[in-house]
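Presented below is the structure to which this report refers.
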Amino acid sequence: MKKISNVLFLVSGIFICHFAKAQTLAGKPYQEAHRPQVHFSPREHWTNDPNGMLYYKGTYHLFFQYYPKDIIWGPMHWGHAISKDLMHWKELPIALYPDSLGYIFSGSAVVDSNNTSGFGRDGKIPLVAIFTHHDPKGEKEGKNNFQNESLAYSLDEGNTWTKYSGNPVLKNPGIKDFRDPKVTWYAKEKKWVMTLATLDHITFYSSPNLKDWKKESEFGKEIGAHGGVWECPDLFPLKLNGKTYWVLIVNLNPGGPNGGSATQYFIGEFDGNKFTTMDNDIRWADYGPDEYAGITWSNTGSRKIFLGWMSNWQYANQVPTEKWRNAMTIPKELGLRQADGKILLTSNPVRELANIERAPIDINNSLLTGKSAKRIPDQFILKFNINKINDYSVILSNDEGEKLIIGYDNTKKQYYIDRAKSGKIDFNAEFAKRAFAPRLTSNTSSSNIELVIDVSSVELFADNGLTAMTGIFFPHKTFTQLQIQNSKGAIIRNLKLLPLKSIWRRTGH
């Protein structure tokens with residue numbers, strides 16, 4: 001392997017760190033150019049929305065929209081991967097294939113502990129997947145009922161799945177977009193609640209047995225962002241200061257804050273029949289251009305773990321990868337926090353990320369004194385605090401003159417990701433635009449930043465998770481330089497680099 005010498009120096013208020021990189025092993029699986037090393041992606045071919053996310057008997061199940069014949073979108077299947085720690089994933093055979101009722105679109109999965117569905121046998125607890133059957137023939141014929149909700153079940157802890165003979169269990173009443181069921185158990189009334197995306201709003205249904213559904217209510221026709229169709233919803237409770245609030249996730253395409261796909265959310269109350277929001281403000285779970293279709297794992301108790309698709313429908317079919325296309329975000333833990341009189345959703349990396357951290361490198365003194373830095377791999381975490389808030393930027397670059405800039409504009413009170421010169425950008429006119437996100441706290445005395453940087457992505461978590469941004473990028477050569485610029489006097493403290501191990505080497509891929 002060719003190595004680049006390690007050098008660290010300070011020039012005109014710009015901290016620069018050169019670190020060694022291993023050349024990409026382009027011919028090996030999971031080592032191709034731009035392949036994420038700490039994010040899940042299938043071994044090959046196309047993926048989009050995470051589906052059916054379920055935790056059962058110590059195993060996290062991740063199903064995902066998958067087309068096994070190409071790296072562009074095609075007839076949808078449910079791919080399947082499992083993990084014990086949310087970091088290391090083992091890809092399993094395809095769980096659900098298209099059939100006479102259509103493609104297998106997005107949905108969810110639950111543990112039917114009380115066997116309400118009747119699928120359980122011989123004391124075996126059924127896992128039940130609830131998904132959208134999308135009939136391409138009906139769509140082509142111009143019908144408005146080509147999406148319906150169906151079931152599949154597993155009696156071997158998710159290894160194999162059987163489709164219910166009575167599918168579909170919820171027939172379309174004549175709504176073009178009728179999809180992405182997210183089902184949860186509402187213990188207070190001993191019933192299942194389905195949150196369903198219906199055109200540009202949400203419809204709630206309930207069932208005692210996952211088979212027979214009745215309509216409860218609708219939400220959102222005149223609330224929230226409506227730049228595109230509503231998709232991939234989620235509904236769950238979170239506590240803040242001992243009080244329970246309900247969070248409704250709604251993914252939207254197009255109409256995101258930086259164009260194209262994005263995830264909005266609402267906070268309010270749910271009584272088993274109706275969701276009522278606390279206010280009519282438009283809020284985003286992630287302001288970056290590349291988090292979409294995010295939902296949470298079921299059966300994780302009070303802990304809510306969120307995962308999104310790391311791309312944007314503006315260019316997802318065009319990004320410059322080979323053999324595989326698109327990946328998931330890192331899993332994120334959701335919470336609630338009060339800021340400036342508002343209750344907001346927070347998003348932070350799950351604690352399991354520490355499982356792949358290498359020894360931390362505290363480089364504060366090195367930056368200030370000019371000492372050499374240790375070798376840093378292609379993927380790492382960068383953390384720092386700001387004690388005096390002003391403009392600053394974190395710059396990733398290479399010897400090709402390409403760079404990605406992540407920063408903060410104090411005048412506009414905005415975080416940003418700028419990939420105008422990040423490498424391969426000409427595959428889509430929208431890709432190179434600078435993405436912005438507001439700072440959601442008025443605290444002027446301190447701030448904290450955590451960046452999770454992979455081979456071709458950055459995830460920003462600011463102010464203890466109040467603002468999140470996700471962005472992908474495709475340099476011609478791996479970025480080998482890190483710069484932190486604070487020419488306007490921002491005081492940066494506690495700067496740490498934490499190298500991350502590749503998640504693929506452990507699994508032998």
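Remarks
- Qualifying positions in the range 139-198 - within 17 Å of Val128 (Cα to Cα) and aromatic (Phe, Trp, Tyr): Tyr153, Trp161, Tyr164, Trp185, Tyr186, Trp192
- Failed condition for Phe479, given (1) modelled with pLDDT of 95 or more; (2) surrounded by 22 or more Cβ atoms within 10 Å (Cβ to Cβ); (3) among the aromatic types (Phe, Trp, Tyr): (1)
- Restricting the range 451-509 to residues that are among the acidic types (Asp, Glu) and touching a strand residue (DSSP E or B) at 6+ places or on another chain (Cβ under 7 Å), the residue that is nearest to Lys433 (Cα to Cα) is Glu459.
- In this entry, Gly242 is excluded by the filter for residues that are surrounded by fewer than 19 Cβ atoms within 10 Å (Cβ to Cβ), closer than 18 Å to Asp177 by Cα and small (Gly, Ala, Ser).
- Test result for Glu322, assigned to a strand (DSSP E or B), out of contact with any Gly (no Cβ under 7 Å at 6 or more places or on another chain) and of a type in the set (D, E, K, R): no
- Residue check, Ala437 among the aliphatic types (A, V, I, L, M), more than 20 Å from the chain's Cα centre (by Cα) and either modelled with pLDDT under 95 or closer than 20 Å to Ala262 by Cβ (or both): no
- Residue check for Lys140: within 22 Å of the chain's Cα centre (by Cα), assigned by TED's automatic domain parsing to the domain that holds Tyr205 and of a type in the set (Lys, Arg): no
- Within the range 480-504, residues that are touching a residue at least 60 places away in the same chain (Cβ under 8 Å) and more than 13 Å from Ile363 (Cα to Cα) sit with their Cβ atoms under 9 Å from residues that are part of a strand (DSSP E or B) and among the basic types (Lys, Arg), at 6+ positions apart or across chains, in these pairs: Gln481/Lys403; Gly489/Lys388; Ala490/Lys388; Ile491/Lys388.
- Some residue of the range 59-75 being small (Gly, Ala, Ser) and either within 17 Å of the chain's Cα centre (by Cα) or at positive phi (or both): no
- Some residue of the range 218-238 being farther than 18 Å from Asp281 by Cα, in contact with an Asp or Glu (Cβ under 8 Å, 6 or more places away or on another chain), aliphatic (A, V, I, L, M) and in contact (Cβ under 8 Å) with a residue 12 or more places away in the chain: yes
- Test: Asp426 is of a type in the set (Asp, Glu), within 28 Å of Ala359 (Cβ to Cβ) and part of a loop (DSSP other than H, G, I, E, B): no
Quick grid of which residues meet (1) over 27 Å from the mean Cα position of the chain (by Cα); (2) modelled with pLDDT of 95 or more; (3) among the hydroxyl-bearing types (Ser, Thr, Tyr):
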site: Glu149; (1), (2), (3): no, yes, no
site: Tyr153; (1), (2), (3): no, yes, yes
site: Asp156; (1), (2), (3): yes, yes, no
site: Thr160; (1), (2), (3): no, yes, yes
site: Gly174; (1), (2), (3): yes, yes, no
site: Phe178; (1), (2), (3): no, yes, no
site: Ala187; (1), (2), (3): yes, yes, no
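Results for (1) of a type in the set (Phe, Trp, Tyr); (2) part of a loop (DSSP other than H, G, I, E, B), shown as yes or no for each residue.
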position: Trp230; (1), (2): yes, no
position: Pro233; (1), (2): no, no
position: Leu248; (1), (2): no, no
position: Ile295; (1), (2): no, no
position: Thr300; (1), (2): no, yes
position: Ile330; (1), (2): no, yes
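- Enumeration of residues in the range 119-149 that are among the small types (Gly, Ala, Ser) and closer than 23 Å to Thr300 by Cα: Gly120, Gly123, Ala129
- On the stretch given as the range 228-286, residues that are acidic (Asp, Glu) and closer than 14 Å to Ala197 by Cβ total 2.
- Residues in the range 442-469 that are modelled with pLDDT under 95 and β-branched (Val, Ile, Thr): Thr444 alone.
- The single condition from (1) on the phi < 0 side of the Ramachandran plot; (2) in a loop (DSSP other than H, G, I, E, B) that Gly407 fails is (2).
- Yes/no for Leu151 being out of contact with any helix residue (DSSP H, G or I) (no Cβ under 6 Å at 6 or more places or on another chain), crowded, with 23+ Cβ neighbours inside 10 Å and not in a loop (DSSP other than H, G, I, E, B): yes
- Against the numbered list (1) part of a strand (DSSP E or B); (2) within 12 Å of the chain's Cα centre (by Cα), Thr276 comes up short only at (2).
Residue by residue, here is whether (1) of a type in the set (Gly, Ala, Ser); (2) surrounded by fewer than 23 Cβ atoms within 10 Å (Cβ to Cβ) holds:
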residue	(1), (2)
His45	no, yes
Pro50	no, no
Lys57	no, yes
Tyr60	no, no
Gly74	yes, yes
Gly79	yes, no
Ile104	no, no
Val110	no, no
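- Residues located in the range 429-481, provided they are farther than 27 Å from Asp340 by Cβ, in a loop (DSSP other than H, G, I, E, B) and β-branched (Val, Ile, Thr): Val455, Thr478, Thr480
The values are calculated or read from the model by the stated rules, or taken from the named source; none is laboratory data. In this text the structure is predicted, and so the values were computed from the model without any measurement. Reconstructed Cβ throughout: ideal geometry from the backbone, glycine too, with neighbour counts over all protein chains shown.
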